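The values are calculated or read from the model by the stated rules, or taken from the named source; none is laboratory data. Since the model is a prediction, treat every value here as computed from it, not as a measurement. Please note: Cβ atoms are built from the backbone with ideal geometry, for glycine as well, and neighbour counts cover all protein chains shown.
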Amino acid sequence: MQTPESSASRPGLVSVEGVSMVDWILKTWGQIQDIQANPDDVLIATYPKAGTTWMQEIVDLILMDGDADKSKRAPVYLRIPFLEMFAHGDIPSGVETIMKMESPRIIKTHLPFQLMPKSFWELNCKAIVVARNPKDVAVSYFHFHRMNQAMPEPGPWDQFLQTFVNGQVSWGCSYEHALGWWEARKLHQILFIFYEDIKEDPRREILKVASFLGKVLDEIAVEKVVHHSQFAVMKDNPMANYSTLPSTIFNQAISKFMRKGEVGDWKNLFTVAQNEAFDEFNTRKLSGTDLRFREVL
Ligand code: PPS
């Protein structure tokens with residue numbers, strides 16, 4: 001019998017150049033790869049659940065000088081389209097929205113660095129990467145799979161955690177994703193930000209992003225960006241909380257998109273054994289690299 005969380009209509013996974021991807025990505029894969037960048041495009045590049053929407057809202061508010069009314073002009077997925085997104089009903093695909101946008105275009109992507117359309121690097125575009133401690137990413141991704149009908153069934157938590165560790169979830173292994181972008185920052189204009197750092201001092205990280213974008217904000221504008229990008233404020237903002245997406249895609253009765261927004265929620269779901277195994281996995285994946293996530297241990 002099917003539960004509300006399990007439906008035959010859920011997609012499966014495919015392998016794209018060795019990276020697991022949700023199968024609908026193939027609908028626009030050719031168009032994604034052929035996309036022509038503009039030199040002033042800015043990418044927000046993240047592994048899913050690392051703080052993408054938070055950074056989208058921060059960047060948009062910065063560009064609007066903190067004016068929340070301007071940032072409420074459209075849902076976040078139309079203001080800052082998701083490159084890989086398929087068309088659904090009235091909502092155009094990410095590529096279609098991007099093609100119709102005027103510069104400067106801000107574009108969200110979850111693609112690993114090696115699968116990015118090359119045009120962005122030929123034109124030396126900027127990218128802001130947000131990374132988050134993978135234990136919290138795993139928990140957030142689990143709940144996201146439960147509610148997002150456009151993702152495969154997650155199964156029970158222990159099973160999902162294993163597939164996450166094996167990289168058999170869409171957009172692949174979270175460590176390889178972060179490491180690809182971490183290395184790429186040595187060659188490209190990439191700002192690498194940690195979710196936990198924004199939590200710790202939003203003002204400091206917002207100023208970093210503004211400076212990277214070449215945007216000077218007065219003190220009042222900075223305060224507005226800090227305020228309107230807070231979890232509680234975004235959770236109540238229909239243009240940021242995905243409540244404008246139909247429940248046939250995001251069933252927020254199962255789990256809210258703006259769920260908890262905390263550091264360390266993994267402690268509520270990981271067993272002691274899962275945590276120990278994950279710590280070993282973390283050490284193995286990061287050995288020989290200088291990438292360190294915050295507050296994993
Ligand atoms: S997605 O679907 O990949 O674009 O999701 P993403 O936006 O990357 O991640 C969603 C998680 O980020 C949390 N979030 C925030 N945390 C703190 N402050 C703010 N303002 C904020 N906005 C979004 C959101 O709640 C999801 O995390 P969890 O842990 O599930 O709550």
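Tabulated data for the structure shown
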| item | result |
| --- | --- |
| Any hit, the stretch 116-132, residues being within 16 Å of the ligand (Cβ to nearest atom), surrounded by fewer than 21 Cβ atoms within 10 Å (Cβ to Cβ) and part of a helix (DSSP H, G or I) | no |
| Matching residues in the stretch 250-274 - criterion: being more than 16 Å from the ligand (Cβ to nearest atom) and surrounded by 16 or more Cβ atoms within 10 Å (Cβ to Cβ) | Q274 |
| Output for the stretch 186-208, where each listed residue is within 24 Å of G66 (Cβ to Cβ) and of a type in the set (A, V, I, L, M) | L191, I193, I198, I206, L207 |
| Residue tally, condition surrounded by 21 or more Cβ atoms within 10 Å (Cβ to Cβ) and assigned to a loop (DSSP other than H, G, I, E, B), over the stretch 152-176 | 6 |
| Count of residues meeting criterion [outside any helix (DSSP H, G or I), touching a residue at least 24 places away in the same chain (Cβ under 8 Å), small (G, A, S) and more than 11 Å from the ligand (Cβ to nearest atom)] in the stretch 191-246 | 0 |
| Matching option when the condition is more than 16 Å from T52 (Cα to Cα), surrounded by fewer than 16 Cβ atoms within 10 Å (Cβ to Cβ) and among the small types (G, A, S), among G180, G214 | G214 |
| Counted residues, the stretch 68-93 - those being more than 14 Å from the chain's Cα centre (by Cα) and buried (at least 22 other Cβ atoms within 10 Å of the Cβ) | 2 |
| Within the stretch 67-115, tally of residues that are in contact (Cβ under 8 Å) with a residue 60 or more places away in the chain, among the aliphatic types (A, V, I, L, M) and within 14 Å of the ligand (Cβ to nearest atom) | 5 |
| From the options I32, I25, I62, I44, residue that is buried (at least 18 other Cβ atoms within 10 Å of the Cβ), away from the ligand (no atom under 16 Å from the Cβ), outside any loop (DSSP other than H, G, I, E, B) and modelled with pLDDT of 95 or more | I32 |
| From the options M1, M55, residue that is among the hydrophobic types (A, V, I, L, M, F, W, C) and at pLDDT below 95 | M1 |
| Residue count, the stretch 275-291 (criterion: exposed (fewer than 12 other Cβ atoms within 10 Å of the Cβ) and touching a Leu at 6+ places or on another chain (Cβ under 8 Å)) | 0 |
